[in-house]
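Just so you know, all these numbers are worked out from the coordinates, no wet-lab data involved. Everything numeric here is computed off the predicted structure, so don't read it as measured data. Heads up, the Cβs are rebuilt from the backbone with ideal geometry, glycines too, and the neighbour counts pull from every protein chain shown.
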Amino acid sequence: MVAADFLRRVLEKLPYKVHTVLTDNGVQFTLQPHQWFPGGHSFARICRAFGVEHRLTKPAHPWTNGQVERFNRTLKEATVQRYHYQTTAQRNEHLQAFLLAYNHAKRLKRLHGLTPHEFVCTQWQKNPAIFTRDPTQLTLGLYMCRVPRCGGVPFGPKVRQKLWDNYFTAAPAQLRQYDAVSSVVRKASRR
């Protein structure tokens, strides 16, 4: 139910039409052979409601979702493996700051040196028919940085690069402090 609700919220927010969703065969995405529900799995119902084709990876082929797994690793390395959070709200705030820096400041080779947001805006200019709304309207304020402790400076190319370069050092000081218990727990969970 959580995965289906997440998919619904994502599909409502994205400025473009999603044609296909590729997932593994987990219980959160598909019915297991011994299960049956009228109308099918909640994830499949959301896909049908939005006209999205739901494809499943082959069992025991985790490399099919390699890009997703790599991005999940990037997220973990930038957040929970690097910082100790006292509360869930603290973690969520830090995650939002990371995603802001990644989407608006990180230039990716795969996108020919554009940030993810710039790439989407470029695609909007090339082919607006594939979009449900104008993605340029999703820009932060008047190009102002909304990261805590950023000071609201103009969000130009130099600031974007500085935001990304300094992301890890700009985290709140209390998040950089590891206590002995959390580092021991993290080391034990990696084994």
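The charge dipole of the range 2-60, taken about the Cα centre with unit charges on the Cβ atoms of Lys, Arg (+1) and Asp, Glu (-1), comes to about 120 debye, rounded to the nearest 20. For the cross-link pairs 76/109; 58/109; 106/126; 17/76, the ones whose C-alpha atoms lie over 24 Å apart are 58/109; 17/76. Basic side chains Lys and Arg get +1 at the Cβ, acidic Asp and Glu get -1 at the Cβ, and with that the dipole of the range 1-129 about its Cα centre reaches some 280 debye. For the peptides 108-115, 89-96, the ranking by packing is 89-96, 108-115, with the highest mean count of neighbouring Cβ atoms within 10 Å listed first. With the Cα gyration tensor of the range 1-134 giving a ≥ b ≥ c as the square roots of its eigenvalues, does the rule (a/c under 1.5 for rounded; else a/b larger than b/c for prolate; else oblate) give rounded, prolate or oblate? Cα axes put the range 1-134 in the oblate bin. Measuring spread by the Cα atoms of the range 2-60 yields a radius of gyration and Dmax of 11.6, 37 Å. Computed on the Cα atoms alone, the convex hull of the range 29-105 gives a volume of 178 cubic angstrom per residue. Across the range 98-110, computed HN-Hα scalar couplings (Karplus, 6.51 cos²θ - 1.76 cosθ + 1.60, θ = phi - 60°) run 5, 5, 4, 4, 5, 6, 10, 10, 7, 8, 10, 4, 4 Hz from first to last residue, x flagging Gly and Pro.
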